[in-house]
Amino acid sequence: MKLYGAIDLHSRNNYLAVTDGNDKRIYGRRLPNRLDVVFEALKPYKKNLAGIAVESTFNWYWLVDGMQEQGYTVHLVNPSAVKQYEGLKHADDKWDAFWLCHLLRLGILPTGYIYPKEIRPVRDLLRRRTLFVKHRTSHILSTQSMIERVAGKHLSVTEINRLDGEAIEQLFHQPQVEFATQSNIAAIQFYNKQIREIEKEVLDQVKLRDEFNMLLTIPGIGKILGLTIMLEVGDIGRFATVGDYCSYCRCVKATRLSDGKKKGNNNSKNGNKYLSWAYVEAAHFARRFCVEAQMFYNRKLAKRNEPVAVKALSSKLARASYYLMRDRVPFDVKKLFR
């Protein structure tokens, strides 16, 4: 007799549910987040378990890795794609867990990609770099704003990175403003150091695979962006079409249309935010160093605003990179910008 399991996972505890082929509830209990406790609860049913569904929450690593090491067939659930019964009045963790069992039994459970454990720490380290870049940018913008507000001057990012104590004293005549600016500069220098160290660590640990080496032929994509795309994508074969890949990169409009009219928005955050960021960064560089990309950007800018033009260019680059990674062919600017 086949059994189906599901775990509704939270930060401190989880609800474990097991059903049979007729949706009869065999087991259901809230457990602490400890592998030994979960394994002990599943022990009587392990031989007959066809699979076990685990919600893709922020803390799924320890549970999915541990269960796979014990030989369980794990399905990582995409929570945003799970459809609930519309007539339901009450729902809780117990209901959610048994509902996942039901979907698993029917074979319609929406699942996500379980990223390989071996390379996952390097990917997460590169994600930390992205976080530091955002923090550094916020301090740079804060410094630029303060200088424009108090001194009436605009300094570029390069000029801000070169600021020292003497230069700050010449810009301002207020001790409090000088202290605030020095604090921002110290934070910028700290993040610069951390970002360089992370880049060195990542480059020492992983190299671009053959199918991803072609990314470097795209204008705007260097080693760091290439590694970001490679580590976030994992296996390009998991995307059946270029549309699936672009949707995963958040390069597709999340609008709902009916009879040619907009009726609302769908989930615009469904997808990988790190890939979305990488292609936007690539678009900014491409429009500076590639004539064809700049012309495409200018055409979009004439019709819409700057964010839309940048996003359109990033979508172009995402589509091109999909074919480059899938077919292992170099970038051809004439094919992309006809």
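At-a-glance table
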quantity: Label-point separation, Lys94 to Ser138 (7 Å along Cα→Cβ), nm; calculated: 4.2
quantity: Net length gained if the chain between Asn59 and Lys117 were fully extended (0.36 nm per residue, minus Cα distance); calculated: 19.5 nm
quantity: Once the Cα gyration tensor of the chain is diagonalised, semi-axes √(5λ) in Å; calculated: 44, 27, 21
quantity: Amide H within-cut-off set for Gly51, under 5 Å, with H built and near neighbours excluded; calculated: Gly5
quantity: Cross-link reach list, lysines versus Lys223, counting only Cα pairs under 20 Å and skipping chain neighbours closer than eight places; calculated: Lys134, Lys193, Lys200, Lys207, Lys273, Lys316
quantity: Ratio Rg/Rh [Cα only; Rh per Kirkwood] for region 1-99; calculated: 0.94
quantity: If the convex hull is drawn through the Cα atoms of region 210-336, its volume per residue in Å³; calculated: 115
quantity: Square roots of five times the Cα gyration tensor eigenvalues for region 19-173, Å; calculated: 53, 19, 13
quantity: Residue order, fewest to most surrounding Cβ atoms within 10 angstrom, among Ser145, Ser138, Ser247; calculated: Ser145, Ser138, Ser247
quantity: Sites matching GluC sites (Glu not before Pro) across region 58-125 that sit in DSSP coil, with at most 14 neighbouring C-beta atoms within 10 Å; calculated: Glu86, Glu118
quantity: ³J(HN,Hα), Karplus 6.51/-1.76/1.60, whole Hz, each residue of region 186-202, x for Gly, Pro; calculated: 4, 5, 4, 5, 4, 5, 4, 5, 5, 5, 4, 5, 5, 4, 5, 5, 5
quantity: Summed residue charge, Cβ within 11 Å of Arg136's Cβ, Lys/Arg positive, Asp/Glu negative; calculated: +3
quantity: Cut-off under 5 Å, modelled amide H: who pairs with Ile26 long-range; calculated: Val18, Thr19, Asp20
quantity: Assigned charges on the beta-carbon of Lys, Arg, Asp, Glu; the chain dipole about Cα centre (debye); calculated: 1240
quantity: Residues Leu216 and Arg25, FRET efficiency given R0 of 56 Å [Cβ-Cβ distance, rounded to 0.05]; calculated: 0.55
quantity: Binned Cα-Cα distances of region 120-205, short to long, each 5 Å bin given as a whole percent; calculated: 3, 14, 24, 20, 13, 10, 8, 5, 3, 1
quantity: Computed Rg/Rh of region 105-158, alpha carbon atoms with Kirkwood Rh; calculated: 1.40
quantity: Pair-distance profile P(r), taking every C-alpha pair of region 274-336, with 10 angstrom steps and integer %; calculated: 23, 55, 21, 2
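Quick note: the coordinates plus some simple rules give every number you see, no bench work behind them. The shown structure was predicted, so the numbers you read here are calculated from the model rather than taken from an experiment. Cβ coordinates were reconstructed from backbone atoms using ideal geometry, including for glycine residues, and neighbour counts include every protein chain displayed.
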